[in-house]
Every structure is written in structure tokens, then in C-alpha cells.
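Engineer: Okay, here's the structure, questions in a sec.
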Amino acid sequence: MKDPWWIYAYWEVQPQVERQVRSQLSPEETIGLRSVLRVYDVTDRRFPDQPAHAWFDIALSGLAANWYIHADAPNRSFLVDIGLLTRSGRFLTLARSNRVTTPRFGPSEVLDEEWMVADDDYWKLFGITAGVGMGSSPTALRALLERGLASQALFSPGLFSPVKAPQGRGFWLRVDAELIVHGATDPKASVKIQEQPVALRPDGTFSVRMHLPDGTQTIPVEAVSADRQDARAITTTVTRQTDGQPAAARERSESRAGSRDRAKAARKSPL
């Protein structure tokens, strides 16, 4: 656990386990096979007996053996599978983590007089982080929060982000993408997305947030009626392509090209 928004996963898959799982694949399924982390929100669920509220995938690169996961959900419980994902959406589990619960967001509502600290000690510990005026105490800060006067930026997830700006000029940009798959069916039906069960809301709607890496993803969605007599399936294919060329470099390139064009035009102009 890192903070209310991030969880940390690490793993070690024995070679014989991976060989056994790969033996279940057909030769066609090994084409485009990817290693992914599948993150399940299992808050108040007896998973896998009960379906997860939602889940999303993170594509792994290289020989990664650990990963920081942006769960972005304080006070929720998660499980993580590492596995293999085929282009058709079939997921084979290699290993499953224990259940973890992220901390709640913000200060505790319980104030225990036994653990109260003097104002001087409080500001030595929290003053810089809190950013509210000198002389405030934990009790005063709580009052501010209850009245909605304290900025939530005091506890912004950006304060805990593992992404650090590169040293040097200080200007940088990183972009990632996520995909939300949502729909609706009969509230009594059962739904699977990429062969994983999805929890329905009381009105039959559902939604799943997924990581969207570069490349093409095939996302099959299947609904089966409660009596198992009817079934419907819809497959969505999504492609992402990221252009990583720096904008400044393009502008300089275009500027140089424009200068050359102007220079040629000037040479061709009659005296």
C-alpha cells in the first residue's frame, strides 16, 4: 500500500506454472499474447463466489516483477491477478494476490484526547503539509473540513504521485489512456466482459474501467438470461496509437522548412 490512491503489487511466477498455463493455449492464441495485471474491486464481496464490482487491466512490459497500480479509490478493497491475455479476450490466471484495502481519504473523524498533541508539536509534524494558518490545531482543522472551508488540495493524490518531473528544463508531458465499457441488460441476467463476470446495478446497468495500451484490443461482452435460455453477445474492437514526437521538435522542424521555402522564393525573385 502506498497511499489512498495507489497500491503496490509484486510477484514471482514459477516457470513450471507458466508452462502449464501456456499449454492450455492453441497455436493461434499465442499470437499477440500479452502479460497483464487484472485489478478487481472486491469491496464487500466474497470474490470469486460473488463477482467484482469492476475490474481493469494493466499491460506489463519487459520482465517487470512489480508495479505501482493507480487504483484511484480510497477505502476500497482490491485483488490482483497476473495472467496472460489473448487477442480474443481470453484471460488465463498465473497467480492471484491477497486482498488489500486502501486507506480512507482525509483525516479520521475520531479525535482521541489521549493522542492530542500540543500546537507546537502539531505544526512541526503537519504544518507544512496542511498549509493552513499557524496556530490551528487538529480540532480546528477538523472544524474547517466540516465547514468545507479547507481545500481538498491538502490531500490531493498529486502529492503522492510516483511520477516525478525530469530534472533539467522542468517541462515534460506524459499521457496515458483508459477505456470505460458500459451497457445495460435485464437486471436478472449475468454479464461477462472478456470472460470475466461483471456486477450489475439494480437497474441492469454496468460499467468497467480498463487500461488502454497502444495496439488493438478485442472486448467481447456476453449477457445470459437468468433461466439460461437466451444469450446475447457484442464484441467491440478498440485501437490506440500514441504519437510520441515532441511538439516543440515538430514546430522547429516546420519553422526550418518554412525558412527554407522562403529562402528559395527569395533566390528565385528577380532583382
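Where a number appears in this text, it was derived from the coordinates with a stated rule and is not lab data. A quick note: this is a predicted structure, and the numbers were derived from the prediction, not measured. With ideal geometry, Cβ positions are generated from the backbone for all residues, glycine too; neighbour counts draw on all protein chains shown.
Engineer: Separation between the Ala177 and Asp49 pseudo-spin-labels, each 7 Å from Cα along Cα→Cβ, expressed in nm?
Structural biologist: 4.1
Engineer: Between segment 1-68 and segment 85-100, what's the alpha-carbon centroid distance in Å?
Structural biologist: Segment 1-68 and segment 85-100 have Cα centres spaced 4 Å from each other.
Engineer: Between Leu33 and Gln229, what's the calculated FRET efficiency when r is the beta-carbon distance and R0 is 45 Å? Round to 0.05. Don't jump to the answer; show the numbers that get you there.
Structural biologist: Numbers: r = 35 Å, r/R0 = 0.77.
The formula returns an efficiency of 0.85 here.
Engineer: I need the GluC sites (Glu not before Pro) found in segment 1-103, filtered to DSSP loop residues with at most 14 other beta carbons within 10 Å of theirs.
Structural biologist: On the way: sites: Glu12, Glu18, Glu28, Glu29; in loops: Glu12, Glu28, Glu29.
Hits after loop and neighbour filter: Glu12, Glu28.
Engineer: Loop-only trypsin sites (Lys or Arg not before Pro) in segment 1-66, please: DSSP not H, G, I, E or B, and at most 11 other Cβ atoms within 10 Å.
Structural biologist: Sparse-neighbourhood loop trypsin sites (Lys or Arg not before Pro): Arg46.
Engineer: Right, here's the next one. Give the relative contact order (percent, whole number) for segment 1-63; include only Cα pairs under 8 Å separated by 6+ residues.
Structural biologist: Here the relative contact order equals 26 percent.
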